[in-house]
There are 4 protein chains.
Amino acid sequence: MHFASDNAGPVHPKVIEALAAANDGHAMGYGADALTRAVEERLRETFEAPEAAVFLVTTGTAANALALATLAEPFETVFCTPVAHIHEDECNAPEFFTGGAKLTLAGEADKMTPETLRAAIQSQGNRGVHGPARGPVSLTNVTERGTVYTTAEVAALADMARGYGLPVHLDGARFANALAATGASPAEMSWKAGIDALSFGGTKNGLMAVEAVLLFDPARAHEFELRRKRGAHLVSKHRYLAAQMLAYLDDGLWLDLARAANAANARLVEAIAGIAGVELLYPPQANMTFARWPRHGHRRLHEAGAEYHLSGNTLEDDDPLEGDDPHALLGARLVTDWSTTDDDIDRFAAIMRE
Amino acid sequence: MHFASDNAGPVHPKVIEALAAANDGHAMGYGADALTRAVEERLRETFEAPEAAVFLVTTGTAANALALATLAEPFETVFCTPVAHIHEDECNAPEFFTGGAKLTLAGEADKMTPETLRAAIQSQGNRGVHGPARGPVSLTNVTERGTVYTTAEVAALADMARGYGLPVHLDGARFANALAATGASPAEMSWKAGIDALSFGGTKNGLMAVEAVLLFDPARAHEFELRRKRGAHLVSKHRYLAAQMLAYLDDGLWLDLARAANAANARLVEAIAGIAGVELLYPPQANMTFARWPRHGHRRLHEAGAEYHLSGNTLEDDDPLEGDDPHALLGARLVTDWSTTDDDIDRFAAIMRE
Amino acid sequence: MHFASDNAGPVHPKVIEALAAANDGHAMGYGADALTRAVEERLRETFEAPEAAVFLVTTGTAANALALATLAEPFETVFCTPVAHIHEDECNAPEFFTGGAKLTLAGEADKMTPETLRAAIQSQGNRGVHGPARGPVSLTNVTERGTVYTTAEVAALADMARGYGLPVHLDGARFANALAATGASPAEMSWKAGIDALSFGGTKNGLMAVEAVLLFDPARAHEFELRRKRGAHLVSKHRYLAAQMLAYLDDGLWLDLARAANAANARLVEAIAGIAGVELLYPPQANMTFARWPRHGHRRLHEAGAEYHLSGNTLEDDDPLEGDDPHALLGARLVTDWSTTDDDIDRFAAIMRE
Amino acid sequence: MHFASDNAGPVHPKVIEALAAANDGHAMGYGADALTRAVEERLRETFEAPEAAVFLVTTGTAANALALATLAEPFETVFCTPVAHIHEDECNAPEFFTGGAKLTLAGEADKMTPETLRAAIQSQGNRGVHGPARGPVSLTNVTERGTVYTTAEVAALADMARGYGLPVHLDGARFANALAATGASPAEMSWKAGIDALSFGGTKNGLMAVEAVLLFDPARAHEFELRRKRGAHLVSKHRYLAAQMLAYLDDGLWLDLARAANAANARLVEAIAGIAGVELLYPPQANMTFARWPRHGHRRLHEAGAEYHLSGNTLEDDDPLEGDDPHALLGARLVTDWSTTDDDIDRFAAIMRE
C-alpha cells in the first residue's frame, strides 16, 4: 500500500527499454547528440512552441531554481504560495541559485487568486531601494495540495503579473496530471496562458530522473545554459536523459501515465470519502489526496504496512501515531502514481473502514 | 517640523569636534591605529565584556548582515518579525551576506513572544533536508514600531532560542534608546540576557556613520573580519570611525542623546494623544510614535512643511494625501532625535489640533 | 574511431541490467531505500573507511563543487593546477557553490609538486584580511593531461597542505583509472594518503550518471546533505543511482573497466608513438593521450570520421583544420574507455601513418 | 617619516570644514538631500557627462565590487592584472558581489597591453559552456605599482575589450594622481577613452571615506542602486558623503592634492634614486615608488621610525628585517600623499644614504 509519493514509484518499462536502446556505442556528451536534438524538437512540437528553448535536468528543484535564477535578479523577490515547493521543500535552492532573492508569500494555502497575488505584489516594491524589487511570480500546477488551476485561473494570474511587468514561472512537477485533470493542451496550460518558463516534470510520472525546462521566449537561453553548467546540472551522458524524455512523449505515454495516476486517486477518494470519520482537506483533483481521520485508523494502516506521510504542524519530536487520544484527527497526504494498484487502494480503504 | 527619521538628524557637535581632533597627521589604516584600539577597549568596558570582539562599520544594514552571516549557514533560516528591518528594509542584504539563507517570520507585528517564536521555530527544521535548517533568532530593540523589549522579555526569547541550540542576534540600531527607556545597562540588555551578537547603533543617535558589532563570544571574530573585508566594509581611514564612537561613549553622551530623543517623543505623545481623531497604534516607548488621524490633518501638516512618513499598506501609485474622503484615517510614523526641538513638537501638535 | 571523451562511451550492460532489476515496485525517495543503504556500506568497505560519509550525485562538477563548498569558506582560496577541471571546465561552479571563494593556481601544468604547492600557499594568506585566507587544496588523479600521481606523490602534497592546516580534496573523476595505473588500493590512494574528501567518478567509466563523494571525516556530513539538497542535487528516485554504483562495484567491475580503458590507451600509444611526426606531449599513464602531429594527418583522420578534441590555444574563430601549412603541428587529446575497440585503434593509427 | 599608504594620511582641513558646515539641522536620509543632488550634478559636470549615473560609497572595494557586479554576470570572468587590487586586496569581494564570477589575469605585472589583454580574452570563452563566459575588463590607473596609463593606452585597451563586446571598468582609487601625472581631463581619462564604469577615488587623496562610482551609460543605474543597498553600502546620513566630495571638487582641490602627492613622490625619487644600492623597480609616475635596497638600510630606517611596507614574496612568518645577510636586497613600497612633508622625505633619504 504505497501512497508516500509519486517519486517512490517505479520507472515505466518503456523508459528502461529506451535507456537500453540508447546504449549503443559512442555519442558526444553534454547534449551534442542526436537524441538530445530529437527531444528538443519533440518538446517544441508538443508545446506548439517552435521558438522555445528546451533544457533537461535531473531534479525538479534544479528545474525550478535555474528557471527562477534566469527570471529573477538577486535584489528582487519572487511571489509564491506559502506551501510552494520552492518555499518549503528546496532547502533555500531558489535563494541560492538567484544569488539571494527573497520569496514573498501570496495567498493562504495551495492557490493564489488574482486578488491575493495583487496584495502580495503591492506589499513589495514600494519602499524605494529599501525593500527588494518585484520579481517573477511562480505558480504550481498541480498544486502541492492536489488541487488544479484551470487554464483560465492560470491566465488570470499571469495577466495580473504581466500588468506589473513581472514574468511568470510554472512549477509543473505534475504538469501531466494537471493536463489530465483539465483536458487542456500543453500550450494552453503554459505559454497560451501567459507562462514564460515551465518546469515540466517527468520523474514523478514514470521517468527515472528527468525534468525539462522550457523558456518560451528564448532570449535568455544562453544564460540558462551557463547557469545550468555553473549549477553542475549539465549531465555529460546526456543522451540518456533525452532517451527517457523521448520515450515519455512517444505515443502520449506521459498523458496515459498521468491519467492512470489520477484515476487511481479518484478510485481512492471514492473508496475512502464516505467512511465515517474521514474528512477531505482539499478537493482532490489530480493524483494527491489530503485528508484526516482518527489516530486509531492511522495506527491500523501503519501496522498493515501502508506507506504515506502524515501532514500538518505536529511537533517534530513526537511520533503522531503515539498519543493518548485514539480519536484525535491526524492529517495525511496520499499520493498515487501510474503504478498504483487497485488492490492497494482497496486494501487501504478496507483497513480504514474497520 | 522634522519627524521623518532619526537618521535625518544632525551629528552631535562633539562628534564633529572629535573628527577634527583625530585629523592629526598620519595613522595606519584599516584599524591599525591607536583610536581603534581605544574604542575596542572602551566598548568592552561599556558592555562589561572583556572578551568580546568589536568591529565598526558604517551602516546598520552592514552590522546586521555581517553579524547574521557569521551566525548563520546558507542552508538555514533566520527567525525575525514581519516588520524587522532585516526583512523589510535591507533589500535582501541578509540573504546576500549569508549566501542565501531564508528569513522565517515569527509573531504578527513588532514583537515576538516566546510562544510565537517557538511556533516559528517548530514550523521549520522538521522536513529533513527538504526545508532549511534552523538558524539564528534576530530580535530588534527598540522595535521598528517604537516599542521596547524589557530585559526579561529579551531573556525569555533568548532562552527559547537557546533551548533549540540557536544563537541570538539583536539589531540595536536604537539600542541606546532601549536602554534609556528601560534603565537597563548595556550588559543587561545584551549578553546577560542571552544575546550572542549585537548591532550597536550610533548613526541614528548623533553619529555620522558608525555602528558597532559586538560578538560576545569571540570564537568567530576572525571570520567576521574576513567577511567585513569581503563585504567591502573595512574602512581604510578607520580612525575616523573610532573617533566618532569614542566621542559617543565619552561621559555617557550616547545615553544623554537617547534620553533627549525619548523625552522629545514623550512630549510629542503628550501633545497629540488627546487630540480628537488621533489614535496611537503602538505604545510609544522610545523615540518613535505610530499613530493615525484624518487625512485633512495630514494635509495641513504637509502644507506647513512637516516631514514624516505615512505608513501602512497604501497603494504605491496613489498619493495618500489625495483622495475624496478628508476624514479617512491615515497612519504615520513620527520619529524624534536628540536635536528635536520643543518648538517643532508644539507647532506640529498645534496644526494637528486645528 | 571514438576518442573524444570517456563520457561519450556507452553504459556497461550490467549497469543497464541493474537499473532494470532495481525497477521493482515502490521504494522511498531521496535515499531512504535499501539500495542506497547498501551502496553506502559497500563504498565504506571498498575504501576500508567504516566512518566515511558517502553521497551520490549525478555529475562530477556537482561532486567537486559540493565537496569544496563543504571544505572551504567563501573568504578563502582553493589551490589547484591551471588545468584543473574545477578551474577550466566547471563554468564557475566552485565559485558558486563556495559562495565566492577564489581559486589560486599551483604549478604550471597537470601536476603540482610539494614545492609548487608550497609557493602557491605562501603567495596567499599573508596579506591580513586583504587577500583571501588559505583554503583547501584540490588535486586531480588521473590528471587532466592523462598523467597519474603515485600514492607517494599524493601523500607528499597532502602532507604539505596539512602542514598549513589545509584540508585536501581529490577530484577522482578517473579515480579507477589511477588505481588501475598504479596498483594502489582505494584507501591507499585516498585517506591513507591524506585525502579528506574524494570525488569518486563513475560516469566516465561505464555508469550512466553517478559520482560519489566520500568525506572520510564525517563531521560535516549533515552540512553536505543540506548543501546537496540546496544545490538541487538530491535525486528523488535515488535507488537508481545506488543500483548503478552497486553494479559498478560488484566483482570489481569498476576496476576491470578502468583496466580495459587504460589498456586501450596503451595500445593506442604503442600504435602511434613511433609514427614519424607524432610527438607525445605528456607521458600517457592512464586512458588519455595528448599528442601533436601535422595538420594533414588531422585532416585525413577527420575525413575518415575520427572523433577527438584538438587542444591548445588556438584562436576560437578559426577552424584549426583549415590553414595554409599542412605540416603545422596541431595538438590533440585522445581518450579511450572500456568500450574502445582494437579495430578503432588500429584504423586510427593506420590513417595517421599514411 | 610616513610612507606606508596614502590612506594613512589625514583628511584635508577643508573637508572637515565642509562636514561641519553640512551639520546644520535635518536633511532627508539615503541621498534625498540637497547636497547629494549637488554633488551628482557636480560630478557630471566635472566629467562632462550629463547622462552619467553617480553614486557615493565609503570604500574603494565597494566601488569596485559594485561596479563589477553591475557589469558582470556570475557565469563570466573579469579580466585584470595579477597585481590588481580587485584580485589581491579585496578578500574575494568581486567574487562575492558578482555572485561568483572568476578573475582571469592578463599581463605579467602592473599593466596590460592590448596583446596581453587579447591573449587573456582568447584564453577564455572558447570552451562552450564549460568555462566562464567573457566578462568586463578592469583596469587600474594609477596602477598598483605606481605607474600610469596614458589616455592612449587606456583607449587601446578599451578598444580591444570593445572588439569582443566587453565593458570596461577603471579602478581609479588614485584617478586624481593619474590626471595630475598625465594632464588628461577627467573625461579624457574615462569615457572618452572607452571606460564604462569608473571607481573615482577620494579617500586616498584627502577625503575621510568617500569614493564615487560613475556609470557613463545610466541604463543600469537602478540596478546599481539596488545592489548598493543590498550590499549595505547606502549610507543613511548621505549628506556627509556629499559634503566631502563637494569640498574635494571645489576649486580643483582634488587635483591640487594629487599634484602635491605626486610632487612629493618626485622629490623622494630624486632624493633616493642616486643612492648607491637603491634600485627602482617600476618607473614612479605618480605618488608611489617601488624600490629595493640592502637590508641594513631598511634596518636603519625602521629604527628611525620610518613607516612603509616591504614588498615581494617574503615568507610570511619571517621578519624580513631579520636575516643573516645585511646586504640582501629587500623591496619596499613608498607612498606619498598631499600631506607628505619635505622634511620627512629629506630625513628618509638621509638615513638611507648613510
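Every read-out reported here was derived from the displayed coordinates using simple, explicitly stated rules and does not represent laboratory data. Note that the coordinates shown come from a computational prediction; the quantities given were computed from them, not determined experimentally. Reconstructed Cβ throughout: ideal geometry from the backbone, glycine too, with neighbour counts over all protein chains shown.
May I have the convex hull volume per residue, in Å³, for the Cα set of segment C:33-174? Mind showing how you got there, number by number?
Numbers: hull volume 17.2 nm³, N = 142.
That works out to 121 Å³ per residue.
Structural size metrics of segment A:187-313, computed from C-alpha coordinates, are Rg and Dmax of 19.6, 56 Å. Lysines within cross-link reach of residue B:204: Cα-Cα under 18 Å, excluding same-chain residues under 8 positions apart? List returned: B:14, D:229, D:237.
Please work out the FRET efficiency for the pair residue B:310 and residue B:275, using the Cβ-Cβ distance as r and a Förster radius of 22 Å; give the result to the nearest 0.05. Write out the running numbers ahead of the final one.
Numbers: r = 18 Å, r/R0 = 0.81.
Given R0 = 22 Å and the Cβ-Cβ separation, E is 0.80.
Hydrodynamic estimate: the Kirkwood radius of segment A:11-253 over Cα pairs, inserted into Stokes-Einstein at 37 °C and 0.692 mPa s, corresponds to D of 183 µm²/s. Taken residue by residue and averaged, Cβ atoms of other chains lying within 10 Å of the Cβ of A:5-15 number 5.
Using a 7 Å projection from Cα along Cα-to-Cβ, the label point at residue A:127 is separated from the same position in the remaining copies by 2.3, 3.6, 4.1 nm, smallest value first. Extension gain for the segment residue C:353 to residue C:296, taken as residue separation times 0.36 nm less the Cα-Cα distance, is 19.4 nm to one decimal. In straight-distance terms, cross-link reach from residue B:102 covers every one of the aspartates and glutamates whose alpha-carbon lies under 12 Å from its own, apart from those fewer than eight places away in the same chain; here that gives A:88, A:90, A:95, B:73, B:76.
Send over the per residue convex hull volume for the protein assembly as shown, Cα only, as a whole number of Å³. Show your work: numbers first, answer last.
On the way: hull volume 259.6 nm³, N = 1416.
Enclosed volume per residue, from the Cα hull, is 183 Å³.
Taking the three principal axes of the alpha carbon atoms in segment D:254-353, the coordinate ranges are 44, 25, 23 Å, sorted in descending order. Label-point spacing at residue D:37 relative to the other copies reads 4.7, 6.2, 7.3 nm, in ascending order, each point sitting 7 Å out from Cα along Cα→Cβ. When you count the other C-beta atoms within 10 angstrom of each residue and take the mean per peptide, D:287-299, C:274-286 line up highest first as D:287-299, C:274-286. DSSP beta bridges fully contained in the protein assembly as shown are about 55 percent antiparallel. Nearest to the axis that brings chain A onto chain D is this chain A residue, judged by its Cβ, with the distance in whole Å: A:99, 2. Cross-link reach is defined here as a Cα-Cα straight distance under 15 Å, omitting same-chain residues fewer than 8 places apart; for residue A:192 the aspartates and glutamates meeting it are A:45, A:48, A:51, A:153, A:159, A:217. Only alpha carbons enter this Debye calculation for segment A:1-101, each as an equal point scatterer, and the log10 of I(q)/I(0) it gives at q = 0.20 Å⁻¹ is -1.15.
With a cut-off of at most 10 other beta carbons within 10 Å, and DSSP calling the residue loop, which GluC sites (Glu not before Pro) in segment D:33-81 qualify? Please list them. Write down the numbers at each step before the final one.
Details: sites: D:40, D:41, D:45, D:48, D:51, D:76; in loops: D:48, D:51.
Those that pass, being in a loop and sparsely packed, number zero.
Antiparallel beta bridges, as assigned by DSSP with both residues in segment C:11-253, represent about 40 percent of the total such bridges. Working note: Karplus 6.51/-1.76/1.60 with θ = phi - 60° gives segment D:98-109 the couplings 7, x, x, 5, 9, 10, 10, 8, 10, x, 9, 8 Hz, where Gly and Pro are set to x. Here is how far apart the residue C:277 label points are across copies: 6.2, 8.6, 9.7 nm, shortest first, using a point 7 Å from Cα toward Cβ.
With only Lys, Arg, Asp and Glu charged, each at its Cβ (+1 for the first two, -1 for the last two), find how big the charge dipole of segment B:1-136 is about the Cα centre; round to the nearest 20 debye. Present the calculation step by step, with values, prior to reporting the outcome.
Values: 9 positive and 18 negative charges, 74 e Å.
Computed charge dipole of segment B:1-136: roughly 360 debye.
Helical content of the protein assembly as shown, expressed as a calculated mean residue ellipticity at 222 nm, amounts to -11500 deg cm²/dmol (DSSP H runs of 4 or more residues, -39,500 (n - 2.57) each, divided by residue number, nearest 500). Answer rounded, prolate or oblate for segment C:1-50, using the Cα gyration tensor with square roots of eigenvalues a ≥ b ≥ c: rounded when a/c is under 1.5, else prolate when a/b is larger than b/c, else oblate. Cα axes put segment C:1-50 in the oblate bin. Calculated FRET efficiency, residue A:126 to residue D:38, Cβ-Cβ distance, R0 = 30 Å: about 0.60 to the nearest 0.05.
Peptide A:59-66 is shielded by partner chain Cβ atoms: per residue, an average of 4 of them sit within 10 Å of its Cβ. Normalising the average separation of contacting C-alpha pairs (under 8 angstrom, six or more residues apart) by the number of residues puts the relative contact order of chain D at 23 percent.
Let me know the mean shielding of D:82-95 by other chains, meaning the per-residue number of their Cβ atoms within 10 Å of its Cβ. Show your work: numbers first, answer last.
Numbers: counts 0, 0, 0, 1, 0, 2, 6, 6, 7, 22, 18, 9, 4, 14.
Average neighbour count from other chains, rounded to a whole number: 6.
How large is log10 of I(q)/I(0) for segment D:93-219 at q = 0.12 Å⁻¹ when the intensity is taken from the Debye formula with one equal scatterer per alpha-carbon? Each listed q corresponds, in turn, to -0.46.
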